Amino acid sequence: MKLFKKKKAPSVTAEIVSADRMHSGGFTLPQSVEPFEKELYDRLRFAVPVIDAAIMKVIRLTGGFHVVCSDEKMQDELDSFLENVPVGLSGRSVGYFADSFLDSLLTYGSAVGEIALDTAENRIAGLRCGDVSSIRVAEGETPFTRSYKIRSDDGTLRSVRHPERILYSSLIGGHSVLRGLPSLSSILLRIFECIGQNFDRAGNVRYAVTYKPPKDDFIYSKERAQQIAREWADGMNSAKYGQVKDFVAVGDVDIKVIGAENQLFDTNVPVRQLLEQILAKLSIPPFLLGLNWTTTERMSSQQADILTSELEYYRRLLTPVIREIGDAYLCSVGSDASCTVEWDNINLQDEESLADARLKNAQAREIELRLENNN
């Protein structure tokens, strides 16, 4: 009989537990333009001026066009209509409509318009730009026809009675060029907000006045502190009236500037990184927006070619819409002629000259600063 038995080692079961990690989902947006998405992009353009400036620059650089009628006899009448057709409440000409249409196309990823008819005189009364968040586009009876539905105020959808009057176009996928920028812009705005708070704290100087009463005068410390506070406030407020008063105190009084020992953060690097991401999404060279990050940067021919290809893409989207407007007018006057759109040549020479001038001015300022520092 064994008095001492070996104890068996307890069996150890290893369990691997995987913890769920939180991922930043960012901004997940649906396929079609929702009302909240439209408001999001509107606020984004309002809050970040560089985004609004880039979109307006693209619209202006897209250039002008001329609509050519297949029937030369109708050319003058067609030109008169396209130059004077009312657009909305304040616009006039098909060029104004094309700019508004492209603005919606870039901002929301799709654009919608309507050819308004004057049934009394049986003619085109004008053009209107619609709200892309209130319309739904679906496949019609055939894969190549579209069906439009309008969202009412109560949220219900109703079919459009005259879909032939609707002008519609969208980018590839129907996504805005601003898609993906809200998260970056929120970081950029947070940096600017912190810069403003730091300048409020450091630029608008505040003081900390500390009074250390002696032991024999400790019982009157409260009265002494209140008196010092009154005199200090009176001295500071006198500056508003153009007076200068000195502050004189007896005892151990220490005056310090709040936040004087702290330094402001250098935000040039993170701000530039964010702006680079934003401009890469908008396909705009930095010089066109006046961003002189380095003294050696210039608008190269490769950048001009890339921008030209972007503008050509937007022109291809606008061309069918403009042709449809011209054909609708010719049909309304009883003509069976058709239209073609001829675009002006894209010339970035003026923009490049302005960018080169800004570069030379920046180089001149840098040379002047170096000379001043050496002297």
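The values are calculated or read from the model by the stated rules, or taken from the named source; none is laboratory data. Bear in mind the structure is a predicted one, so any value in this text is a computation, not a measurement. Note that each Cβ is placed from the backbone with ideal geometry, even for glycine, and that neighbours are counted across all protein chains shown. Accessible surface is based on the protein model in full, side chains and every heavy atom, while ligands, DNA and RNA are left aside. Shrake-Rupley method; radii C 1.70, N 1.55, O 1.52, S 1.80 Å.
For Lys57, the requirement of being open to solvent by 10 Å² or more (accessible area, probe 1.4 Å) and over 30 Å from Pro182 (Cβ atoms) is not met. Checked against (1) in contact with a Gly (Cβ under 6 Å, 6 or more places away or on another chain); (2) open to solvent by 80 Å² or more (accessible area, probe 1.4 Å); (3) of a type outside the set (D, E, K, R), Leu89 meets all criteria but (1).
Within the range 148-190, the set of residues being open to solvent by 60 Å² or more (accessible area, probe 1.4 Å), over 18 Å from Ile115 (Cβ atoms) and either small (Gly, Ala, Ser) or in a strand (DSSP E or B) (or both) comprises Lys149, Arg151, Leu157, Arg158.
Could you say which residue among Phe36, Phe46, Phe81, Phe97 is part of a helix (DSSP H, G or I), more than 30 Å from Asp118 (Cβ to Cβ), over 14 Å from the mean Cα position of the chain (by Cα) and hydrophobic (A, V, I, L, M, F, W, C)?
Details: Phe46 fails: over 14 Å from the mean Cα position of the chain (by Cα); Phe81 fails: more than 30 Å from Asp118 (Cβ to Cβ); Phe97 fails: more than 30 Å from Asp118 (Cβ to Cβ).
Of the residues listed, the single one that is part of a helix (DSSP H, G or I), more than 30 Å from Asp118 (Cβ to Cβ), over 14 Å from the mean Cα position of the chain (by Cα) and hydrophobic (A, V, I, L, M, F, W, C) is Phe36.
Among all positions in the range 208-219, there is no residue which is open to solvent by 70 Å² or more (accessible area, probe 1.4 Å), over 27 Å from the mean Cα position of the chain (by Cα) and on the phi > 0 side of the Ramachandran plot.
If you go through the range 121-147 and keep only what is of a type in the set (Val, Ile, Thr) and not in a strand (DSSP E or B), you end up with Val132, Thr142, Thr145. For the range 131-142, residues that are of a type outside the set (A, V, I, L, M, F, W, C) and open to solvent by less than 40 Å² (accessible area, probe 1.4 Å) total 3.
When Asp252 is tested against (1) in contact with a strand residue (DSSP E or B) (Cβ under 8 Å, 6 or more places away or on another chain); (2) at pLDDT 80 or above, exactly one condition is not met: (2).
Of all the numbered requirements in (1) closer than 17 Å to Leu78 by Cβ; (2) open to solvent by less than 40 Å² (accessible area, probe 1.4 Å), Leu311 misses one, and that requirement is (1). For the range 60-73, the set of residues classified as open to solvent by 30 Å² or more (accessible area, probe 1.4 Å) and more than 20 Å from Tyr314 (Cα to Cα) consists of Ser70, Asp71, Glu72, Lys73, listed by residue number.
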